[in-house]
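Below: the structure, in structure tokens.
The values are calculated or read from the model by the stated rules, or taken from the named source; none is laboratory data. This structure is a prediction, so every number in the text was calculated from the model and none was measured. Neighbour counts run over all protein chains shown; Cβ positions are idealised from the backbone, glycine included. With ligands, DNA and RNA removed, areas are computed over all heavy atoms of the protein, side chains included. Shrake-Rupley method; radii C 1.70, N 1.55, O 1.52, S 1.80 Å.
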Amino acid sequence: MANLVSQKAEHLIGSEIIKLAGEVNQKIKDGQAIYNLTIGDFDPNLFPIPAMLKEYIIDAYNNNQTNYPPADGMLELRSAIASFIEENQGLKYTPNEFLVAGGGRPLIYAIYQTLLDPNDKVVYPVPSWNNNHYCHLSDAQKIEIETTPENGFLPTADELKPFIHDATIIALCSPLNPTGTMFRQEQLLPICEMVITENERRKTSNSKPLYVLYDQIYSMLTMKGIEHVDPVSLVPAMKEYTVFVDGISKALAATGVRVGWGFGPEHVIAKMKSILGHIGAWAPKAEQVAVSRFLQNKQALGIFISELKQKVTIRFDDIYKGFKSLQQKGYPVNIISPEGAIYLTAQFALKGTTQANGKLIDSTEDITTFLLNEASLAVVPFTAFGVAKGTDWYRISIGTLKESDIPEMLTKLEQALASLNLNQTT
């Protein structure tokens, strides 16, 4: 029977995380108590949006701000964002170099569609979020770079360099989804210098530039003592080649409010505007009005972000200490020190162990199932982020976790680990 849809639609893979979350939610519906740490979202009962932002949104609707906004976003919002970015990162961009959209996803899609021709190459590290899907939607060739825990699962210039000579985009994210790890200056600077050198080479052949897509949607959620860095701050010449993705979804725990922004070279932003204008992917006007007001209320903004980071830090610290305690007791787990975003990176080195029922744990799927069934712990394996099968590294998302549930969660995990025959670990 002939395909009834396009090849692109036929072969598009659904979100691996949403699929896993669906299985978990079914267990919860069946009455099982599960610590569901799969979705990169906030429980609004634990992490509500700023009260003043909510008030501003309601005011905007009451004032009938319900018609079409400009395709690139309301000027007052783009101006407020420009001031916010300059104050927080020292980056000077004009309002015309910003594009507002309904969250970060349409912006990433627009970057791919604007910069790529069919079969152009996109280089990105794995684990990373959704680049494989955007490559598929853009008919691009994906070049996946396997990263290591020693580097925080972030790519190095040496790892990227062999693949950039005919690439169009390097897609980077910091703090990184799924790991929560962050670029340091000494890691990012060589990558920027490499991009500049490559683009100088291309100017002689009149080739399309090599761009960096820099997703910094989590940049306001950094842990104490760790500074967010970006390409343009490190190397001003990167301004010509960097397109940023940002927004309020994580910084204001406002994933459902859907106000994101991209910024970069004006000619690129203008083409992204045209693409998203045809799609109609703008953020609702009332929300734009409200976010503009809130970004200008620096006191309320500062207080909220400080309080949000405190809530995140408490959860990070408790889980990190708990895993380190398990490790010290001899259990085969590991965890990377938290740095940013709402994610922890944990290792469950359980392959080769035997469960109490005699079943051998021999794959990533076995580890995931064991944790879910025996520890009531739902976490996402890095296979959902492009890492090869067999990995024992996982993302832990804390946005839906009650602080008071952490001790019991760790106790259940220890009980589950204690039930294994660990002598067979390979």
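In table form, for the structure just shown:
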read-out	value
Residue match in segment 211-224 (condition: of a type outside the set (G, A, S), more than 30 Å from K311 (Cα to Cα) and open to solvent by 10 Å² or more (accessible area, probe 1.4 Å))	yes
Lone unmet requirement of (1) part of a strand (DSSP E or B); (2) surrounded by fewer than 17 Cβ atoms within 10 Å (Cβ to Cβ); (3) of a type in the set (S, T, Y) for T197	(1)
Close pairs from segment 24-45: first assigned to a strand (DSSP E or B), partner among the acidic types (D, E), Cβ under 8 Å, at least 6 apart	Y35/D405
Lone qualifier among I367, I335, I305, I319 - being open to solvent by less than 30 Å² (accessible area, probe 1.4 Å) and closer than 16 Å to A416 by Cα	I367
Single residue of segment 1-55 satisfying the filter (among the small types (G, A, S) and surrounded by 12 or more Cβ atoms within 10 Å (Cβ to Cβ)) that is farthest from F294 (Cα to Cα)	G22
Elements of type strands (runs of 3 or more DSSP E) contained in segment 87-185, each with 3 or more residues being open to solvent by less than 30 Å² (accessible area, probe 1.4 Å) and touching a residue at least 12 places away in the same chain (Cβ under 8 Å)	98-101, 121-126, 167-173
Count of residues meeting criterion [farther than 30 Å from F42 by Cβ and either modelled with pLDDT under 95 or outside any loop (DSSP other than H, G, I, E, B) (or both)] in segment 322-351	1
Sole residue being in a strand (DSSP E or B) and open to solvent by less than 10 Å² (accessible area, probe 1.4 Å), chosen from I396, I406	I396
Contacts under 7 angstrom Cβ, first residue in segment 287-300 being under 15 Å from N63 (Cα atoms) and in contact (Cβ under 8 Å) with a residue 40 or more places away in the chain, partner among the polar types (S, T, N, Q) and open to solvent by 10 Å² or more (accessible area, probe 1.4 Å), 6 or more apart	V289/Q65
Close pairs (8 angstrom Cβ cut-off, 6 or more residues apart or separate chains): farther than 17 Å from E198 by Cβ in segment 229-240, open to solvent by 30 Å² or more (accessible area, probe 1.4 Å) and in a helix (DSSP H, G or I) anywhere	V229/Q185; D230/Q89; S233/Q89
Filter result (in a helix (DSSP H, G or I), out of contact with any Lys or Arg (no Cβ under 9 Å at 6 or more places or on another chain), open to solvent by less than 60 Å² (accessible area, probe 1.4 Å) and under 19 Å from F84 (Cβ atoms)) within segment 272-301	Q288, V289, V291, F294, L295, A300, L301
Lone unmet requirement of (1) open to solvent by 40 Å² or more (accessible area, probe 1.4 Å); (2) outside any helix (DSSP H, G or I); (3) over 25 Å from I269 (Cα atoms) for Y68	(3)
So L213, is it over 19 Å from Y124 (Cβ atoms) and touching a helix residue (DSSP H, G or I) at 6+ places or on another chain (Cβ under 7 Å)	no
Segment 214-248: number of residues that are under 26 Å from I336 (Cα atoms) and in contact with a Cys (Cβ under 9 Å, 6 or more places away or on another chain)	8
Total residues in segment 322-332, condition open to solvent by 10 Å² or more (accessible area, probe 1.4 Å) and either of a type outside the set (S, T, N, Q) or closer than 19 Å to L176 by Cβ (or both)	6
